[in-house]
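The values are calculated or read from the model by the stated rules, or taken from the named source; none is laboratory data. Computed from a predicted model, the values in this text were never measured in an experiment. Heads up, the Cβs are rebuilt from the backbone with ideal geometry, glycines too, and the neighbour counts pull from every protein chain shown. The accessibility values were calculated without ligands, DNA or RNA, using every heavy atom of the protein model including side chains. Shrake-Rupley method; radii C 1.70, N 1.55, O 1.52, S 1.80 Å.
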Amino acid sequence: MSVPIAVPKVGWGTEPLELVEWKAAEGSLIHRDNPVLVITTKKIESDIHAETAGYLHIVVPEGNKAPIGSIVGFIAASQEELQTLQKEKPTEPSTTASEPDRPVKNESENTAPSAPADRSRIRISPAARRMAEEHSVDISNIVGTGPGGMINREDIQKSIDRKVQAPPPATTEKRIKSKIPLRGMRAAIAENMYQSLSTSAQLTVMGEIEMTEIVKLRDALVKQVDAFGVNITYTDILVFMIARILHNYPVINSSIIENEIILWEDINIGVAVALEDGLIVPVVSHADKKSLIEISRNIKELASRAKEKRLTPDHVTGGTFTITNLGARGGGYRFETVIINPRESAIFGTGGITDRVVARDGQIVIRPVMTYYFTYDHRVIDGALAADFINSLTRLLENPYLSLDWKKIV
């Protein structure tokens, strides 16, 4: 007996979820507990795992949205059962990830359409749709020869063969190597970055901070890894320090909502985590109330969840300030303009810590130096306030033992 694949509820949201990728092709043999489908809401991608072994039948192709609880595929117990499912009329999704609903052209009409057809409304088998996407075939120009005018794999193959046999066009325009659909996490990133730059007045200040004492501190903490049970990183230290500094700069820990500047009581620090297919910012909640050890464990747990696609919307919402450390990825001596996370007022980014030649007490010496870039919303934060914040952070990083009670570190 076939087992349905349904869209699960993720977090508190009730909106339809996007089907980002089927992990196996139509008719493929899949094993129990293997990931079979990737879904997304906002920037959170989650895997749906197979509840049983069997043969995959796709009802709703990837790239579409489906309501929570709806059936988007089946796992057939046998090939005979798979063939029975494939003979059934395919379900057409009600919404898509990239296009609004448009009326469906009457299938009995033989006249050419006056406008490009809605690709999600064209009758096409899931296997043929995947094949068309892989070979960049425009299915709106193909007449299906399957039952009821459905486009099948043979129709797609014929279109591919015609493209191969056709002589190359005599043109100087650049050729397309491949196409990557803008969907899932990448679409969410694009939307968030565009929204951030379109709705705020962003200004970035850049500079350098000597990290001699922080390097010594971190080296001492690393030697205590067995006692702490965790390996402290520079990102952990930055989150710990900035969370405490923000108490003195409530305007920086704020958001503009409608016609008001909201100063947040909670200090929730987002930490950017780079993934293979994008970037996500899980949040360390109440970071100002956590010890350095607690922050380190929290960040490592969130990063692990992000890489294993086990984050929920609750893990990436509620942030009030964001830190991004490109130095952790070998960024070295670099500067760039980081973009504020939507609904926040500032973001602090860092490059790597590298040995630089500096002047100290009239002498030329070599010191470990970290580059930084601080982007803030000029509608909320004035230049003087931004400078005061950076000066406070610089003093703390250059003199950590004088500025903090490190007995409370654990």
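Points worth noting:
- Selection status of GLY332, surrounded by 17 or more Cβ atoms within 10 Å (Cβ to Cβ) and at pLDDT below 95: no
Residue-wise test of (1) under 30 Å from ALA359 (Cα atoms); (2) of a type in the set (Gly, Ala, Ser); (3) touching a residue at least 24 places away in the same chain (Cβ under 8 Å).
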| position | (1), (2), (3) |
| --- | --- |
| GLY148 | no, yes, yes |
| GLN157 | no, no, yes |
| SER198 | no, yes, no |
| LEU203 | yes, no, yes |
| ILE209 | yes, no, yes |
| VAL215 | yes, no, yes |
| ASP219 | yes, no, no |
| VAL225 | no, no, no |
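- At least 1 residues being more than 20 Å from THR233 (Cβ to Cβ), touching a Lys or Arg at 6+ places or on another chain (Cβ under 9 Å) and not charged (D, E, K, R) is the threshold, and among the strands (runs of 3 or more DSSP E) wholly inside the range 243-319 those reaching it are 254-257, 260-263, 278-280.
- GLU80 open to solvent by 10 Å² or more (accessible area, probe 1.4 Å) and in contact with a strand residue (DSSP E or B) (Cβ under 9 Å, 6 or more places away or on another chain): no
- Taking the criterion of being modelled with pLDDT under 95 and surrounded by fewer than 14 Cβ atoms within 10 Å (Cβ to Cβ), the only residue of the range 261-276 that qualifies is GLU276.
- Among the numbered conditions (1) outside any strand (DSSP E or B); (2) more than 26 Å from the chain's Cα centre (by Cα); (3) not acidic (Asp, Glu), the only one that ASN192 does not meet is (2).
- A single member of ASN106, ASN110, ASN34 is under 30 Å from ARG305 (Cα atoms) and either modelled with pLDDT under 85 or polar (S, T, N, Q) (or both), and it is ASN34.
- Residue that is surrounded by the most Cβ atoms within 10 Å (Cβ to Cβ), among those in the range 170-187 that are out of contact with any strand residue (DSSP E or B) (no Cβ under 7 Å at 6 or more places or on another chain) and among the aliphatic types (A, V, I, L, M): ALA187
- Residues that are more than 30 Å from ILE366 (Cβ to Cβ) and part of a loop (DSSP other than H, G, I, E, B) are absent from the range 217-224 altogether.
- Qualifying positions in the range 1-58 - outside any loop (DSSP other than H, G, I, E, B), among the aromatic types (Phe, Trp, Tyr) and open to solvent by 40 Å² or more (accessible area, probe 1.4 Å): TYR55
- Whichever residue in the range 236-260 is within 27 Å of the chain's Cα centre (by Cα) and open to solvent by 20 Å² or more (accessible area, probe 1.4 Å) and, among such residues, is farthest from ILE390 (Cα to Cα): GLU258
- Residue within the range 202-212 that is part of a helix (DSSP H, G or I) and open to solvent by less than 10 Å² (accessible area, probe 1.4 Å) present: no
- Residue within the range 152-159 that is surrounded by 12 or more Cβ atoms within 10 Å (Cβ to Cβ), within 29 Å of PRO342 (Cβ to Cβ) and acidic (Asp, Glu) present: no
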